[in-house]
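In what follows, a single structure is set out as structure tokens and then discussed.
Here, each number is a calculation from the coordinates, and none is a lab measurement. Model, not experiment: these values are computed from the prediction. Positions of Cβ are backbone-derived with ideal geometry, glycine not excepted, and every protein chain shown enters the neighbour counts.
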């Protein structure tokens, strides 16, 4: 299993928190302070300039992936305060968690990890995470076409191209709203 790290700021309902359940199931390592975030891991940041892509596979393999489980406001402050090295945003995907079901780009922490692993071609690891919650299999089913296309992209620019083609096609067919990110 790939190394997964979670900085958890204790700002959510512990009964509904996907991060805490992943930690209890030994699927991720808890980080209690931002200073302990692994230096070279991929940091999932919705504001990052570069999208995660298969070209990040070696970083994931060597250093893992880190997610921040905190409020959006705190996340913005942390990303400004700490100059994390390998920040990546996730491309357009539809959430399937009970809180944000059907909403574009509103992924839970476990969905973000599943997507990250899938995109970087650690598909078996991504599928292993679906054992944590029943609805996570639905996340892969709903996003299967996009996840497959993203996992076959060459780089971040191609990820954004795939995302934008998908969004534009579906906007023209009134199926989805535009995602918050156009970044590469």
Handout entry: Cα shape, segment 4-172, gyration tensor, a/c 1.5 rule
Key = rounded
Handout entry: Three-way shape call for segment 87-178 based on the alpha-carbon gyration tensor, with the a/c threshold at 1.5
Key = oblate
Exercise for the section: Would you please put 41-47, 153-159 in order of how densely packed they are, using the mean number of other Cβ atoms within 10 angstrom per residue and starting with the highest? Expected result: 41-47, 153-159
